[in-house]
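Structure, as structure tokens:
The values are calculated or read from the model by the stated rules, or taken from the named source; none is laboratory data. Just so it is clear, the structure is predicted and the values come from calculations on it, not from any experiment. Here the Cβ positions follow ideal geometry from the backbone for every residue, glycine too, while neighbour counts run over all protein chains shown. For accessibility, only protein heavy atoms count, side chains too; no ligands or nucleic acids. Shrake-Rupley method; radii C 1.70, N 1.55, O 1.52, S 1.80 Å.
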Amino acid sequence: PATNYDPIATVDDGSCIDIITGCTDLLMYNFDINANTPCNLDNTAPGSNECCEPYVSGCMVNNADNYNPLANTVFVIQ
């Protein structure tokens, strides 16, 4: 399928744009610059950006006292 599919077209003019599902929210950790269609949690069909993951800062060193297993962004003190 294509995002610009035309059911009445009779000639393929090469203008079809493939559907690429992914996180389309620029402010999310897993934003996909190539995605043109929001994804569901299972990332297999168009949805409402349910698959987007927010930034979670914290310690990512698993043997540290303040380790955060949900962290996906390193917190840097400046």
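See the values below:
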{"quantity": "Part-to-part distance (alpha-carbon centres) for segment 59-75 and segment 1-57, which is given in Å", "calculated": "31"}
{"quantity": "Dipole-positive endmost among Thr24, Asn66, Asn36 within segment 11-75 (Cβ charges, Cα centre)", "calculated": "Asn66"}
{"quantity": "Magnitude of the charge dipole, the chain, Cβ model with Lys/Arg +1 and Asp/Glu -1, debye to 20", "calculated": "300"}
{"quantity": "Karplus (6.51, -1.76, 1.60) ³J(HN,Hα), θ = phi - 60°, over segment 19-31, in Hz, Gly and Pro reported as x", "calculated": "7, 10, 7, x, 6, 9, 8, 4, 8, 9, 4, 9, 3"}
{"quantity": "Once exposed loop chymotrypsin sites (Phe, Trp or Tyr not before Pro) are cut out (DSSP; at most 11 other Cβ, 10 Å), longest piece of the chain", "calculated": "6-54"}
{"quantity": "Accessible-area composition of the chain, carbon plus sulfur, in percent [1.4 Å probe]", "calculated": "56"}
